[in-house]
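I have placed the structure first, in the form of structure tokens, so that the comments after it can refer back to it.
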Amino acid sequence: MSLSAKSILFAALAITAATNASAADLTTYQAPDAGYEQPPAFNWGGAYFGAHGGVASPKLNPFASGKGLTGGVQAGYNFQVGPGIVGAELEGSYLGNNEVSVPNGKLEERFRGAAKAKAGLTFDRTLIYGTAGLTMTKFDSGKGISGPSGWKQGYLLGGGIEQGFGGGLSAKLEYNYVMTNDVTTYSSSGKSKTDLRDHVIKAGLNYRF
């Protein structure tokens, strides 16, 4: 066999060996498991109920004098569209005799009901939201002061943050600024009308179902 023929034969054998090795590598390669699925995002939509507790004060400082411990229950419904949330909530609270100043004395706030709308953004298990609504507050008379009879309508603005957990549970921290205008009181000096303001800081738990 001539030298040229030997060279051609050697080159052909080398190409064949390289091709077989590449085929073996492709045979042993395994694609990633396509069965893995990313866990679904936390769902904030649907009905819920829960309880809350905190502090109501005529001043922003929750440790100021005149404050009252507050507690109550709430129930609501959320609609979720992408990361956005809109919802409505009903809330009832005992205000723990929170004292508010009026001419010639102080009134005590006893109970409050609220109908609130809220909207916010979700970051998986974290919800940041704003809220606004109507309130109805029941007052008690103070020393030398007669308060309004029945319930007095007001308004609230606020916001909060809520963190979701497993099993439908979530925990929240919320602030409400409550405005109750033209509250009529009577004293030995006569009749007065006062615009009252409250700061309410509360923590709560909700259960979704």
Restricted to segment 142-163 and to residues being polar (S, T, N, Q) and modelled with pLDDT under 95, the residue surrounded by the most Cβ atoms within 10 Å (Cβ to Cβ) is Ser146
Might you check whether a residue that is farther than 22 Å from Lys59 by Cβ and among the aromatic types (Phe, Trp, Tyr) occurs anywhere in segment 167-180? no
Kindly indicate the residue of segment 119-131 that is under 22 Å from Asp198 (Cβ atoms) and surrounded by 15 or more Cβ atoms within 10 Å (Cβ to Cβ) and also farthest from the chain's Cα centre (by Cα) among those meeting that condition. Thr131
For Ser189, work out the one condition from (1) among the hydroxyl-bearing types (Ser, Thr, Tyr); (2) in contact with a strand residue (DSSP E or B) (Cβ under 7 Å, 6 or more places away or on another chain); (3) under 23 Å from Glu109 (Cα atoms) it doesn't fulfil. (2)
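So is Ser149 among the hydroxyl-bearing types (Ser, Thr, Tyr), farther than 20 Å from Phe209 by Cβ and in a strand (DSSP E or B) or not? Steps first, please.
Numbers: among the hydroxyl-bearing types (Ser, Thr, Tyr): yes; farther than 20 Å from Phe209 by Cβ: yes; in a strand (DSSP E or B): no.
Considered against the rule, which asks whether it is among the hydroxyl-bearing types (Ser, Thr, Tyr), farther than 20 Å from Phe209 by Cβ and in a strand (DSSP E or B), Ser149 comes out as no.
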Can you tell me which residue in segment 164-174 is nearest to Phe49 (Cα to Cα), limited to those that are modelled with pLDDT of 90 or more and exposed (fewer than 14 other Cβ atoms within 10 Å of the Cβ)? Gly168
May I ask you to list the residues in segment 13-67 that are surrounded by 10 or more Cβ atoms within 10 Å (Cβ to Cβ), in a loop (DSSP other than H, G, I, E, B) and either at pLDDT 85 or above or on the phi < 0 side of the Ramachandran plot (or both)? Ala41, Phe42, Asn43, Trp44, Gly45, Pro58, Lys59, Leu60, Asn61, Pro62, Ala64, Lys67
Only one of (1) closer than 16 Å to Ser57 by Cβ; (2) crowded, with 20+ Cβ neighbours inside 10 Å does not apply to Asn206, and that is (1)
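Go over the candidates Phe111, Phe139 one by one and state the one that is in contact with a Ser or Thr (Cβ under 9 Å, 6 or more places away or on another chain), aromatic (Phe, Trp, Tyr), assigned to a strand (DSSP E or B) and surrounded by fewer than 18 Cβ atoms within 10 Å (Cβ to Cβ). If you could, list the steps in order and put the result at the bottom.
Working: Phe139 fails: surrounded by fewer than 18 Cβ atoms within 10 Å (Cβ to Cβ).
None of the others qualify; the one that does is Phe111.
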Has segment 86-99 got at least one residue that is within 30 Å of Gly45 (Cβ to Cβ) and polar (S, T, N, Q)? yes
Could you tell me whether Val178 is among the aliphatic types (A, V, I, L, M), crowded, with 16+ Cβ neighbours inside 10 Å, within 26 Å of Tyr77 (Cα to Cα) and in contact (Cβ under 8 Å) with a residue 60 or more places away in the chain? yes
Residue that is nearest to Gly190 (Cα to Cα) [pool: residues in segment 84-121 that are modelled with pLDDT of 95 or more and touching an Asp or Glu at 6+ places or on another chain (Cβ under 9 Å)]: Arg112
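The values are calculated or read from the model by the stated rules, or taken from the named source; none is laboratory data. This one's a predicted model, so the numbers in the text were calculated from it and none came from an experiment. Virtual Cβ from ideal backbone geometry, glycine too; neighbours counted across all protein chains shown.
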